[in-house]
Each structure stands twice: as C-alpha cells, then as structure tokens.
Amino acid sequence: MSSTASSVPDFDAVEAQVKEALRRCSPSTIEAALQYRRANDFSRLPLVIFGIVERYVDPALRPQLAAAGVDDLRVVEDLGLDSLTIMEIVMLVEEVALVTISNNDLRELRTLGDIKVFVDCRARGVEPPKPPKRFDSEAILAVMPIQPPFLFLDDACVSPTQATATYRITGEEPFLKGHFKGNPIMPASLMLEALGQLGVFHLLNGLVSEPGKRVDPGSIFFASTDGVRCSRICRPGDVLALTLKPKRIKAPLVTFEGYIRVEKEKAVSVEEITLTFGLVDDVVPSEPEALPIKSPPTSAT
C-alpha cells in the first residue's frame, strides 16, 4: 500500500469513533460531528459543542438552551456545571473536534459563546481572540465619573464585543427606604441606569478606537432607550448579572442592547440604550526634563 493511500482517513473508523464518543448525545449532534470530520465543515462545530454541553446539563435547566441569547449563558452560574463536569465536556470536545484546550485557556471560557468561538478558532488554526479584561470594584471606581452611592457595578468584564458586570442589592441602598415602605424593591429605572453605567465603563475601556483620541469621561450622557421589558422583581440579596453589547457606534452616539439576569431568570431586557459621548486629544504625558547636574562647590585653597 502506498504512503498516499495509507494517509487517507478511514471514514468508517472515524464514524464508529464519533458515534461511540457521542453515544449519549442527540442524533443531530452526531450527524453534525460527522459532517465536520468528513469535510472540515466548520459551520457544524457550534452544533457539536451545543449538543455536547446539552448532554451534561441538568434536564431542569435545558429549557434555557432553547431560549434566545444562548451564547451568553455562563457554564457555571447559568447552566450549573461544576469543574469536573466542565472537564468531561472539554475532553469530549477535544476528542471529537480534534483540538486542544489547556487549563489556562479554560479559565477564560466562561460562556457557551466563549467555548464556541475558541474551538472554532483552534479548529481553523487561527489565534483565538484575546480574553476579556476583568475589573474589580477599585478599578471601576478609578475610572468611572459616577461614584457611590449611585454606582451599581461591583465588578466588570470587558471585551470588544460585549461587557458584563454584577451588582448585589445589599438592602442598604438609600432609595430602598422609600421604594417601597416595608417592601424594598430595586427600581426598574435604576436597573436601566446600571446597564447605562456598564455602557459608560465600556466606552472608557477602549470601545471607541480613534487615533490620537479618547472618550472624555465628563461627556457621557444618557440619550434614549427603546424596547424595555421588565419581567422580574429584584430585592435585597439578589445579584444582578448585567450583559451589554454594542450595536452601533458613530461619534457622538453609541447604541447598546442588553439585559439583566438574576440566577436563571431574566429580570430586564432592553433592545436599545443610547449614550452620547465626546472625544478629546489623548495626550501622552511627556517625560520631565532633566535638570542640569551642578558640580559641588570647591573649597578655597
């Protein structure tokens, strides 16, 4: 047998291997995996990953996978997957998709969408996008023009395509004393404010890229909103999980879409929230001019 013939994949063996690996997944997942392996059809990879994840998700949580915005689902917080289960998923994805995911890579893959994009890039042999930047409360306070007690971001995570954040309703917020008496509820208008603040933070972390310019923190203001839906009452103790994605950017306007979840439930969604902003020159501080070194005085002889 020639070396050329021996390098041709045995598709019968490939099919058997894929079917065995995915035997507990849906038939559509197996078929998508076979199409990928037969013809390097990268468009089938999202279906493969979705099907593998679905196989491990608790049946009670699987309805979330049928909802819109499934790529934003967090594998731990929203899908309830623990570290060992995530490792099982990763090993199965590696086996079927013929890619490698290191533990360091895995730490940055928080959502179903993150996994899909990473595996697709690895399968195509291109560099995956840089992981999002994470910010704690001190880093947020350092750049935000909005400050406590009117700041509703505890931490944030920013990438070119989206920003996420959390805010825990402590019950100590001053406005809760009157909203409502004996029945503290986070105002829906302030949940929209929280999404707007996340938009401000996204702007201040490089969302607008214009040579020699930067966004002026003092120039960002609310402009409009559209398509707002409130579907859950939020009370002290609830942790708001905010997600915001830019839709259109053309100075001096930026429009986002976003939503807030509490655990598995969507609390607020907004089709469009628009902010205005201004640009200023991005002046790089110059090095201080060195002072001339004076020679010490000489003593008289």
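Just so you know, all these numbers are worked out from the coordinates, no wet-lab data involved. As the structure is a prediction and not an experimental result, all values here were calculated from the model. Here Cβ is always computed from backbone atoms with ideal geometry, including for glycine, and neighbour counts include all displayed protein chains.
Taking amide H atoms as placed 1.01 Å from N in the peptide plane, the amide H of residue 179 lies under 5 Å from those of 185, each 5 or more residues away in sequence or on another chain. Here residue 247 and residue 108 are evaluated by their C-beta separation; at R0 = 22 Å the FRET efficiency comes out at 0.35. For the chain, what does -39500 (n - 2.57) per DSSP helix run (n ≥ 4), summed and divided by total residues, give at 222 nm, in deg cm²/dmol to the nearest 500? One gets -9500 deg cm²/dmol as the mean residue ellipticity at 222 nm.
Each residue of the stretch 69-81 was assigned a 3J(HN,Hα) from its phi angle through the Karplus curve 6.51 cos²θ - 1.76 cosθ + 1.60 (θ = phi - 60°); the sequence is x, 4, 5, 7, 5, 7, 5, 8, 5, 8, 9, x, 8 Hz, with glycine and proline shown as x. According to the square roots a ≥ b ≥ c of the eigenvalues of the Cα gyration tensor, what is the shape class of the stretch 74-214, taking rounded for a/c under 1.5, prolate for a/b larger than b/c otherwise, and oblate for the remainder? The shape class here is oblate.
Around the amide H of residue 279, modelled in the peptide plane, lie the amide H atoms of 216, all under 5 Å away and 5 or more residues distant in sequence or on another chain. A DSSP coil position with no more than 11 other Cβ atoms inside 10 Å describes the following trypsin sites (Lys or Arg not before Pro) in the stretch 19-109: 23, 24. List the pairs from 116/266; 177/250; 116/250; 133/213; 19/247; 133/181 whose alpha-carbon separation is above 31 Å, in the order I gave them. As for pairs spanning more than 31 Å Cα to Cα, those are 177/250; 19/247; 133/181. Between the helical axis of 27-39 and the longest alpha-carbon principal axis of the chain there is an angle of about 90 degrees. Where [x] 44, 32, 18; [y] 26, 24, 20; [z] 31, 27, 19 are the candidate values, the label of the one calculated here for semi-axes √(5λ) of the Cα gyration tensor in Å is [x].
Given an 8 Å cut-off on Cα distances and at least 6 residues of separation, report the relative contact order of the stretch 20-118 as a percent.
Rounded, it is 30 percent for the stretch 20-118.
Defining a contact as two alpha carbons under 8 Å apart and six or more residues distant in sequence, what relative contact order in percent does the stretch 137-286 show?
Contact order relative to length: 26 percent.
Compared with the direct C-alpha span, the chain from residue 276 to residue 170 gains 35.1 nm at full extension, assuming 0.36 nm per residue. Between residue 263 and residue 193, the FRET efficiency from the beta-carbon distance, with R0 = 22 Å, is close to 0.55. Counting 0.36 nm for each residue step from residue 35 to residue 221 and taking away their Cα separation leaves a gain of 62.0 nm. Between residue 26 and residue 229, the modelled labels are 2.2 nm apart [label points 7 Å from Cα along Cα→Cβ]. Taking the longest Cα principal axis of the chain as reference, the axis of helix 188-202 is set at about 90 degrees. Estimated from the Cβ-Cβ distance and a Förster radius of 30 angstrom, the FRET efficiency linking residue 58 and residue 19 is about 0.75.
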